[in-house]
1. Hey, what's the Kirkwood Rh for the chain if you take every pair of different alpha carbons, in angstrom?
2. Packing-wise, with mean Cβ within 10 Å as the measure, how do 26-33, 69-76 rank, highest first?
3. Report the extension gain between R130 and I158 in nm, rounded to one decimal, defined as 0.36 nm multiplied by the number of residues separating them, less their alpha carbon distance.
4. Given H placed on each backbone N at 1.01 Å, which residues far from D53 in sequence or on other chains put an amide H within less than 5 Å of it?
5. At T57 and L13, where each label point lies 7 Å from the Cα along Cα→Cβ, what is the point-to-point distance in nanometres?
6. Given K120/K163; K41/K225; K74/K163; K22/K156; K18/K41, which pairs have Cα atoms separated by over 21 Å?
7. Find how many whole Å separate the alpha carbon centroid of region 93-110 from the alpha carbon centroid of region 19-76.
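Rule-based calculations on the coordinates, nothing more; no lab input. Here the structure is a predicted model, which is why all the values come from computation and not from measurement. All Cβ positions, even for glycine, are placed from backbone atoms using ideal geometry, and neighbour counts span all protein chains on display.
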Amino acid sequence: MDFKERLVRQSELIPFEKLDQKITIVGAGAIGSFTSLSLAKVGFQHQTVFDPDHVDTANMNCQFYRTADIGKNKVEALTELVKDFTSVEIAAFPVPLMPKMQIPDTDILISAVDSMEVCKELWERAKADRRVKWYIDGRMTGEFALLYCMNPKLPKDIEAYEKTLYSTEQAHHGKCTEKATMYCVNLIAGLMTKMVKDIATEFPTYTRIISWDLSHNSYMGFNKKEEEK
């Protein structure tokens, strides 16, 4: 099947020529694996994913892996799955993104990690690398989703986002049995994909912050116009 033909039902929402964004995802766990799939389904082919971890039995409840993938490196299994489901071939690096390692040419850097220290490192890279135009960060506990979409070169976004960079010790981890749910992961992956779509199509207003408390069915979003300084 022709790639354009596969995307025809969304072609007026996301024109084919807008799908050339270069995206780097750090973390191939729950958020990262389903976001990669969602982006590929929409047609974003230029993806690079970093993660040194291996698929574990505990990942089966809300990560995009098969039971047959247990023991495999996550990004290697993810590469196979995304290609099978979408024909898109992502670039996989089964290693951590080390401090001195250069990230590929990237328009959008997505943080899908569970360490605030790594999140801080990624944000510093986004600010310093002139190629990175947007930074998207997804965080969650079992029934709570928090997303940020920031322009790392915009002073107001820098000021707002850096207030959220608390230490890992300050984070509320909760019980191991309350960490992740499939429905929360799918919401985050969908919202991240919508953020990338808005960036790609130069939508005049972008969603800057989303807070969604699923346990109380409470949603809050903050939007702004890109030209606002």
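1. About 17.9 Å, per the Kirkwood formula over Cα pairs.
2. Going from most to least packed, we get 26-33, 69-76.
3. Here the answer is 8.6 nm.
4. Hits under the 5 Å cutoff: K74.
5. Going by the 7 Å Cα→Cβ label model, 3.9 nm.
6. With Cα atoms farther than 21 Å apart: K41/K225; K74/K163; K22/K156.
7. 15
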